[in-house]
Amino acid sequence: MRRGGPSVLGIVLAGGAGKRLMPLTADRAKPAVVFGGTYRLVDFVLSNLVNGDILRICVLTQYKSHSLDRHITTTWRMSSLLGNYVTPVPAQQRLGPHWYLGSADAILQSLNLVMDERPDHIAVFGADHVYRMDPRQMLRQHIDGGAGVTVAGIRVPRAESSAFGVIKPGPDGRTVEGFLEKPTDPPGLEDDPDSVLASMGNYVFTTRALVESLFKDAEDENSAHDMGGSILPILTESGEAQLYDFSTNHVPGETARDQGYWRDVGTLDAYYDAHMDLIAERPAFNLYNRDWPVYTHSSQLSPARFNAGGIAGESIVSAGCLIRGQVTRSVLSPGVVVEEGAVVQDSVLHDNVRVGRGAIVRGAILDKHIEVPPGAAVGVNEQRDRELYSVSENGVVALGKGQRVL
């Protein structure tokens, strides 16, 4: 925020290893994974912050960060004249010879950024979720409510609670009375026993509350030094934590279908399902909202081309693709080639994948620079696929960057 409003520093936590998304994270950080053809996962949170006038943003990185650092520095160039920036911040061992011990420790080791900016508030957001959100609405509630921290929550099925931090709201529906980190059997909500409020990993702090709780947490040798599991309980105990209901957030250009959409794409199945959400006639998540755009780097490529009877239906086909075969219900990144007689169905193909003549790719995720030889098949024989490649719990076949198709 600028021009007489509260000063806000954005901190994006992008240091996770993303092990559950292997092999897509074998060569890159999770926030650098391609999504929706041309985007990186980190583009969604950065677009939300920038669209919401939070224009000074630090992205804390750690694992396999080269691809992520390069994307941020080449894509996210703000106006230096106005003092705005998006900058990657690598782990620097400022507090001793150790890397980040957790997300809270990552911020503690980066407090020099806070001291330099001296903001009134700090928005700490995760880097690997797919959604649209206007952070100004959350900030407004945070300030009006006098909270030390406001955490964004979203309803999820109680059966899925072990994948999230679960928020227990007070009788007023806003005060946070408790926080359970990935519980197996949490209580359901009073008005919906089969649902819980999951933390989205998005927080707005007063600078005082964040700094004080970080130092308190650092003194606890038994702490995991995690934002959700460590810092939020500290502020909950002191009565300073409040809930922001994500379902009340609205962005310009949204539709009734995609309002409130949020996906944690931390597993291969979740990543695949989120792509399938993009390609329906009325998509569950609309990439084409020009009133709240998702920004990314656009390569200088020729338009997609269809030759030799090539056809694509219910699909996203990026620039630079050459389609001579048949593509259905798939998402193709730039430079994908599908040769004559080849069939690609229900799949996600990253940059420069080549599917040879007569080959079949079905229900698969193929990372960059994979060549499917003529006549080969991926996603057709489950037993063979499990012997050769990574296969998710729901049967999605995944090949890592440059992996050889046998």
- Roll a 1.4 Å probe over the protein chains and send me the accessible area per residue for the chain in Å². 44 Å²
- Percent of accessible area on segment 16-65 owned by carbon and sulfur, 1.4 Å probe? 48 percent
- Task: Would you tell me the accessible area of T75, worked out with a 1.4 angstrom probe on the heavy atoms of the protein chains, in Å² to the nearest 10?
- Result: 30 Å²
- Signed unit charges on C-beta, dipole axis of segment 262-375, positive-most listed residue N307, A270, V343: N307
- Query: Residues of segment 346-362 with amide nitrogen under 20 Å from the 7 Å Cα-to-Cβ point of E382?
  - Reply: 346-348, 360-362
- Message: Give me the percent of accessible area attributable to carbon and sulfur for segment 212-324, probe 1.4 angstrom.
- Response: 46 percent
- Over 25 Å (Cα to Cα) among K168/K216; K30/K182; K182/K401; K19/K182 -> K182/K401
- Task: Would you rank D69, D217, D120 by solvent-accessible area, highest first, keeping every protein chain in place and using a 1.4 Å probe?
- Result: D120, D69, D217
- Note on the structure: Here the equivalent ellipsoid of segment 1-55, derived from its Cα gyration tensor, has semi-axes (largest first, whole Å) of 29, 12, 6
- Message: Rolling a 1.4 angstrom probe over the protein chains, ignoring ligands and nucleic acids, what is the accessible area of D194 in square angstrom, nearest 10?
- Response: 120 Å²
- Note on the structure: With DSSP loop assignment and no more than 10 other C-beta atoms within 10 Å, the trypsin sites (Lys or Arg not before Pro) in segment 115-211 are none
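The values are calculated or read from the model by the stated rules, or taken from the named source; none is laboratory data. All figures in this text were calculated on a predicted structure; none of them were measured in a lab. Glycine gets a Cβ as well: all are built from the backbone with ideal geometry, and neighbour counts include every protein chain shown. Surface areas here come from the heavy atoms of the whole protein model, side chains and all, with no ligands, DNA or RNA. Shrake-Rupley method; radii C 1.70, N 1.55, O 1.52, S 1.80 Å.
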